[in-house]
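S.K.: Quick one: the structure is below, and I'll ask about it shortly.
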Amino acid sequence: MQRVGRYQLVRKLASRGLAEVYLAEAEGPGRPEKSLVLKRILAPFAEQEAFSAEARIAAQLGHPNLAQVLDFGEAEGSYYVAMEHVDGLSLRQLIRWSMLEEQPLPHTLVARILSLSCEGLAYAHEFADPDPGQE
């Protein structure tokens, strides 16, 4: 199996133009293995300063509607972000199921997903720019 830093890659979850996303396990002395999501940013698309600045901010976010950033760094010539693994269906999987089954998602479920997503996004924006009136 492939490794990125101290993380053992279990399987690829997605591959996009800028990054690859894996289910991974953290390994370390005296630590049990922990499943997490590891996003590896491909080297040509990462600028160290910008990546580090954004990763530091993301690692400080603590909200129930945001996956927690656990670690970030550089290994084997690419940058990575290790995040909490949230078990369950992705929004993409839920929409795909709805389309295949020709069953619209219940309006209450759609409203709840949007509400929770907006709460997390609002928190992240407030955290990154706590006083938008100041320049």
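S.K.: Can you say whether Glu54 is part of a strand (DSSP E or B), surrounded by 12 or more Cβ atoms within 10 Å (Cβ to Cβ) and among the charged types (D, E, K, R), as far as the supplied structure shows?
M.R.: So Glu54 fails the test.
S.K.: Next question, about the same structure. Please go through region 2-36 and pick out each residue that is part of a loop (DSSP other than H, G, I, E, B) and at pLDDT below 85. Working first, answer last.
M.R.: So in region 2-36, the residues part of a loop (DSSP other than H, G, I, E, B) come out as 2, 5-6, 16-18, 29-30.
Across region 2-36, the qualifying residues are Arg16, Gly17, Leu18, Pro29, Gly30.
S.K.: For residues that are out of contact with any helix residue (DSSP H, G or I) (no Cβ under 9 Å at 6 or more places or on another chain) and among the small types (Gly, Ala, Ser), tally how many sit in region 69-87.
M.R.: So the answer is 2.
S.K.: Search region 49-74 for residues that are touching a residue at least 12 places away in the same chain (Cβ under 8 Å) and pair each with any residue that is β-branched (Val, Ile, Thr) and assigned to a loop (DSSP other than H, G, I, E, B) when their beta-carbon atoms are under 7 Å apart and the residues are at least 6 apart or on different chains.
M.R.: Between residues of region 49-74 that are touching a residue at least 12 places away in the same chain (Cβ under 8 Å) and residues that are β-branched (Val, Ile, Thr) and assigned to a loop (DSSP other than H, G, I, E, B), the close pairs are Ala67/Val86.
S.K.: Quick check: is even one residue across region 93-105 under 24 Å from Val4 (Cα atoms), surrounded by 10 or more Cβ atoms within 10 Å (Cβ to Cβ), of a type in the set (Lys, Arg) and without any contact (Cβ under 8 Å) to a residue 60 or more places away in the chain?
M.R.: Among the residues of region 93-105, not one is under 24 Å from Val4 (Cα atoms), surrounded by 10 or more Cβ atoms within 10 Å (Cβ to Cβ), of a type in the set (Lys, Arg) and without any contact (Cβ under 8 Å) to a residue 60 or more places away in the chain, which makes the answer no.
S.K.: Of all residues in region 60-78, which are within 17 Å of Arg3 (Cβ to Cβ) and under 14 Å from the mean Cα position of the chain (by Cα)?
M.R.: Within region 60-78, Leu70, Asp71, Phe72 meet the criteria.
The values are calculated or read from the model by the stated rules, or taken from the named source; none is laboratory data. Predicted model only: the values in this text are computed from it and were never measured. Using ideal geometry, Cβ is built from the backbone for each residue, glycine included, and neighbour counts are taken over all protein chains shown.
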